[in-house]
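Nothing in this text is a laboratory measurement; each read-out follows from the coordinates by a stated rule. Since the model is a prediction, treat every value here as computed from it, not as a measurement. Glycine also receives a Cβ, built like all others from the backbone with ideal geometry; neighbour counts cover every protein chain displayed.
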Amino acid sequence: MSQRTTPRRLLAAVAATGLILSACTAVEEDPETTEEEAPAPEESDETDAPAGEEADDTEAPEAGGEVQIGDGVTEEACPEAVNPDNGCIYLGVLSDLTEGPFAALAVPITDAQRAYWAQVNEAGGIAGFDVDIDTYTRDTKYQPAEHAAAYQQIEPNILAIAQSLGTVNTESVLDDMDANDIVAVPASWWSGYAFSANDHGLIMETGYSYCIEAMVGLDWFSENHGEVSSVAAVGYPGDYGGDSAAGAQLWAEANGVDDVTVIPTGPNQVTGGQDAVVSAVMAAEPDVVLLAVGPAENAEIVGKLAGGGFTGRFLGSLPTWNPALLDSAAAPALVGLYNHLAPTEQWDGTSAGTEAMKASLNGELPPNGGYIIGWVMSYPMHALLEKAAEGGDLTRAGLRAAMDGLEVDFDGMAEAITYGGEGADVAVSGLIVGTPNAEAPLGIETSNEFFHGPTFDQVDYAQACSASS
């Protein structure tokens with residue numbers, strides 16, 4: 001059944017059925033229930049608040065029927081609760097919030113998720129519970145060891161993970177997530193997430209994979225810039241650039257193109273610069289360069305190649321853009337030669353989801369498209385919580401079971417996904433193409449229509465396009 005979710009949608013009724021699981025508490029409706037004292041907010045030294053403890057049978061206000069709860073869900077209100085008579089659902093966030101390579105993107109991702117759940121709580125919450133993502137937010141600095149340590153710290157006290165940044169980081173804790181039925185929404189787009197052998201059926205991806213992005217992006221390029229006879233795929237190895245390069249190779253095989261040059265690189269803080277990439281691209285002389293790097297590397301590669309007489313064009317993956325690039329020396333080259341690829345509407349989108357996102361900022365602009373990512377990422381968890389509550393089971397196992405067949409429409413911001421399938425059955429391929437424009441919101445003017453090319457339907461999408469690392 002389709003679960004249409006908006007920040008203003010309040011679950012009207014909760015079914016009185018569900019599995020009676022061990023270490024769970026039955027919560028029943030009773031308007032006369034007295035208010036419980038809210039737990040104190042977590043201290044700044046990151047000592048964990050008492051969430052998810054087993055409790056005696058009591059009655060929770062606003063619930064439409066019996067709801068089983070367990071770890072990460074309390075009858076007590078959230079810290080600084082919007083609805084003090086509600087219980088609390090604690091979700092974890094594991095992100096790059098200070099000094100890691102994706103902090104500039106991850107901070108607005110997290111801000112958007114905070115704003116999304118604030119709107120849910122202001123609309124009454126979910127089945128008699130507010131949602132808290134602040135108490136168990138941790139900075140992982142985009143390091144697998146930091147990610148794993150932070151996960152172990154918050155795991156006993158959360159119901160699920162609202163954001164897990166990075167494929168390799170997420171994989172570092174997947175086995176433990178599997179053992180404890182911890183569902184997560186990743187801030188990464190690896191093709192392996194479409195296959196349960198890789199994600200254990202715990203990951204709720206949003207949008208397409210980098211592999212699909214490359215295929216559909218090259219279809220778009222062929223339709224809009226002429227026949228492609230050669231491609232260079234530049235990117236970080238592994239789940240990002242490796243996945244994108246694999247998609248370019250699959251596209252080439254399906255379209256009879258023999259000339260594909262894969263050029264691995266790394267962030268500037270690792271490689272010291274992109275001169276080796278520039279030399280390799282100049283030597284290959286491709287029609288189009290597919291970029292799966294960061295914004296700084298994007299600007300350097302495009303700027304130096306354009307300045308050196310390169311006559312091809314560039315397609316940039318979702319993480320390659322930052323509006324600050326329009327203040328760089330590479331701005332003229334980017335405006336003239338670069339197109340941005342995204343799995344969601346951008347700031348100039350017109351869907352109900354985009355309008356709700358804009359409203360959350362009261363007319364202000366975020367620093368970059370990370371805010372869009374964070375808003376879109378929140379829809380699957382919202383829909384999952386509603387479905388699990390409707391089935392009477394707000395436990396970890398209840399959430400995991402509710403994923404099967406769950407359809408999320410993202411209020412039009414992204415293509416609808418039905419979770420629980422495999423490969424092409426769950427994957428989506430709609431692409432939003434953007435062109436740098438200093439007058440446009442966040443520096444990108446977009447098509448506002450999802451483009452679908454022919455290649456993805458011709459490819460056997462039966463396994464991950466690349467290894468994750």
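About the Cα centre of segment 288-365, how large is the charge dipole given +1 on each Lys and Arg Cβ and -1 on each Asp and Glu Cβ? Please answer in debye to the nearest 20.
Here segment 288-365 has a charge dipole of around 260 debye.
When DSSP beta bridges are limited to those with both residues in the chain, what percentage is antiparallel, rounded to the nearest 5?
30
If contacts are Cα pairs under 8 angstrom and at least 6 residues apart, what is the relative contact order of segment 376-460 in percent?
On the way: 86 pairs, mean separation 14.8, N = 85.
Result for segment 376-460 is 17 percent.
Treat the count of other C-beta atoms within 10 Å as a stand-in for reagent exposure and order 334, 365, 442 from fewest to most. Please list the in-between numbers first.
Working: 334 25, 365 12, 442 22.
So the residues, fewest neighbours to most, are 365, 442, 334.
Any idea what % of Cα-Cα pairs in the chain are farther than 31 Å?
Cα-Cα pairs of the chain separated by over 31 Å account for 41 percent.
If I take every Cα pair under 8 Å that is 6 or more residues apart in segment 302-373, average their sequence separation and divide by the length, what percent do I get for the relative contact order? Display every interim value, and only then the final one.
Working: 50 pairs, mean separation 23.9, N = 72.
It comes to 33 percent, rounded to a whole number.
Using alpha-carbon positions, what is the distance between the centroids of segment 204-269 and segment 165-184, in Å?
27
At R0 = 30 Å, how high is the FRET efficiency between residue 460 and residue 175 if r is their beta carbon distance? Nearest 0.05 is fine.
About 0.60, to the nearest 0.05.
Give the peptides 186-196, 262-272 in descending order of average Cβ contacts within 10 Å, highest first. Don't skip to the answer; put the middle values down first.
Details: 186-196: 24.4, 262-272: 15.5.
The densest-packed peptide leads the list: 186-196, 262-272.
If one takes the longest principal axis of the Cα atoms in the chain, at what angle in degrees, from 0 to 90 and to the nearest 10, does the Cα axis of helix 210-225 lie?
It is inclined by approximately 40 degrees.
What number, in percent, do you get for the relative contact order of segment 256-375 if the mean sequence gap of Cα pairs under 8 Å and at least 6 apart is divided by its residue count?
The normalised contact order for segment 256-375 reaches 20 percent.
Expressed as an acute angle from 0 to 90° and rounded to the nearest 10, what is the orientation of the C-alpha long axis of helix 241-254 relative to the principal long axis of the chain?
With rounding to tens, the tilt is 60 degrees.
For residue 258 and residue 271, calculate 0.36 nm times their separation in residues minus their Cα-Cα distance, and state this gained length in nm to one decimal.
Working: separation 13, 0.36 × 13 = 4.68 nm, distance 2.91 nm.
Stretched out fully, the residue 258 to residue 271 stretch lengthens by 1.8 nm.
Per-residue counts of other Cβ atoms within 10 Å, averaged by peptide: what ranking do you get for 221-228, 373-380, 409-416, highest first? Provide the component values of the computation, followed by the final result.
Details: 221-228: 14.9, 373-380: 27.0, 409-416: 21.4.
In decreasing order of mean packing, 221-228, 373-380, 409-416 become 373-380, 409-416, 221-228.
Please give the helix 144-154 orientation as an angle from the longest Cα principal axis of the chain, in degrees from 0 to 90, rounded to the nearest 10.
10
To the nearest 0.05, what FRET efficiency results for residue 283 and residue 80 with a Förster distance of 51 Å applied to their C-beta separation?
E(calc), rounded to 0.05, equals 0.30.
Taking the Cα centre as origin and putting +1 on Lys and Arg beta-carbons and -1 on Asp and Glu beta-carbons, what dipole magnitude results for the chain, to the nearest 20 debye?
2100
Where does each of 220, 117, 347 land when they are ranked from fewest to most other beta-carbon atoms within 10 angstrom?
Lowest to highest Cβ neighbour count: 220, 347, 117.
Taking the number of other C-beta atoms within 10 Å as the exposure measure, put 211, 465 in order starting with the fewest.
In increasing order of surrounding Cβ atoms, one gets 465, 211.
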